[in-house]
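Input: a single structure, listed below in structure tokens.
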Amino acid sequence: MNEEKQSLRTLLDQELPDTQWTDADSLRVLRAASAEEKRPAKRKISLAFVLAAAMVLLAVGAIAAAGLIFSPRYDAGKIADQALEEKYDLNQLLRSAYSRHESRDGNTWTFTYDHTWESDAAAAKFGVYTVIVRGGKAVEVSWSHDGDSTDGGLDADAWGPAQIMQYISNYEDTMAGLRAQEPDPTRDPAVSPTPEPVSTFPKDYEGWKAEVLSHAVLTVDEAKEISRQAIITEYHLDDEKAANLKCMMDIYPDTDEENRNVFVNYYLTDGEPSISIRWDLWPEGEPWQESYGIYWVTLSLLDGEIDEIIYDNANMANG
């Protein structure tokens, strides 16, 4: 019997590595098995079989309960990202140097990727990527610099993956060179300085938060756990990295006025409540490595549907 139990556990551990089996689960199964033994039966069922069936059913239930739901927008964006990586070698890290925008017309999504927030010189060199997704496929993938040479390092008019990687890894020096190419607005009256951004968030933060949550089905804690699982799943984080994910709204709660709309945002769109939660992954004192950075997850507070995950490598202006 002991060998049978051990073989069963080994098999289950291999097939269901992410399932957490607790003493409470064992107790429930044993109680169920004991109750079953008191009933008349035509054939004897071994305890090992009962345990196996119960563990599998529990595991399937746990997996289903933890299942993630993604919006059509998210799925289309993922297809667009993959298309860029396949055609232009723009992986997750390199794409984090771009802003992604999208529009939708029926079942057709158009995604553009640009880098316009720092300088005109940077925007020109990065160019604009466009991906059109229709029917679950990327039907058109292009770059505004298609046909242009990326030779010449940072002096090239078009920056490919090599230059973008240099920009990320040596941000300050690269940006200093780009800024030197920008006109000085204090000397050139034709160039207007960029105006200060205007906040679009409601001034009555607590009232707005309460209004959003009054429409919610999920609690904020449930949304946090879903967002955490989404990051781990979509970015293939191992156990060590998953354990180092930090929810910033826990560290900097919005009870402090300075933290409001900084680490968590609440939205109400056509009566549907959603939340955007920031997670950080970069253990203190460690050098940057793949997947370290900042994650923003936006999801519905009705059913947990994930609408967007924004990844910032935090190795540029923040690093």
Confirm whether Glu140 is of a type in the set (Asp, Glu) and within 22 Å of the chain's Cα centre (by Cα).
no
Subset tally (residues that are small (Gly, Ala, Ser), at pLDDT 90 or above and assigned to a loop (DSSP other than H, G, I, E, B)) for region 45-97:
3
Mind checking which residues of region 220-242 are of a type in the set (Gly, Ala, Ser) and either over 26 Å from Asp81 (Cβ atoms) or in contact (Cβ under 8 Å) with a residue 40 or more places away in the chain (or both)?
Ala223, Ser227, Ala230
Can you tell which of Glu206, Glu234, Glu182 is surrounded by 11 or more Cβ atoms within 10 Å (Cβ to Cβ) and modelled with pLDDT of 95 or more?
Glu234
How many residues, within region 85-130, are surrounded by fewer than 17 Cβ atoms within 10 Å (Cβ to Cβ), on the phi > 0 side of the Ramachandran plot and out of contact with any Pro (no Cβ under 6 Å at 6 or more places or on another chain)?
1
Glu118 is checked against (1) among the acidic types (Asp, Glu); (2) within 22 Å of Arg179 (Cα to Cα); (3) not in a loop (DSSP other than H, G, I, E, B) and fails just one. What number does that condition carry?
(3)
Within region 287-312, track down each residue that is surrounded by fewer than 17 Cβ atoms within 10 Å (Cβ to Cβ) and touching a Phe, Trp or Tyr at 6+ places or on another chain (Cβ under 8 Å).
Trp288, Ile310
Looking at this structure, is Ala138 farther than 27 Å from Ser274 by Cβ and touching a Leu at 6+ places or on another chain (Cβ under 9 Å)?
no
Flag if Ala223 is at pLDDT 95 or above, at negative phi and touching a helix residue (DSSP H, G or I) at 6+ places or on another chain (Cβ under 9 Å)
no
Against the condition out of contact with any helix residue (DSSP H, G or I) (no Cβ under 7 Å at 6 or more places or on another chain) and at pLDDT below 90, how does Pro193 come out, does it pass?
yes
Exclusive hit being of a type in the set (Ser, Thr, Tyr), touching a strand residue (DSSP E or B) at 6+ places or on another chain (Cβ under 9 Å) and under 24 Å from Asn313 (Cα atoms), set Ser103, Ser99:
Ser99
Would you point out the residue of region 155-168, among those that are without any contact (Cβ under 8 Å) to a residue 40 or more places away in the chain and in contact with a Leu (Cβ under 9 Å, 6 or more places away or on another chain), that is farthest from Ile79 (Cα to Cα)?
Gln166
If we take region 250-319, then strands (runs of 3 or more DSSP E) inside it with 1 or more residues that are in contact (Cβ under 8 Å) with a residue 24 or more places away in the chain and closer than 15 Å to Ala230 by Cβ are 272-281, 293-300, 306-312
Where the second residue is in a strand (DSSP E or B) and the first is more than 25 Å from Met175 (Cα to Cα) and lies in region 139-154, which pairs have Cβ atoms under 6 Å and are six or more apart or on separate chains?
Val139/Ile132; Glu140/Ile132; Val141/Val131; Ser142/Thr130
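The values are calculated or read from the model by the stated rules, or taken from the named source; none is laboratory data. Nothing here was measured: the structure is a model prediction, and the numbers come from that model. With ideal geometry, Cβ positions are generated from the backbone for all residues, glycine too; neighbour counts draw on all protein chains shown.
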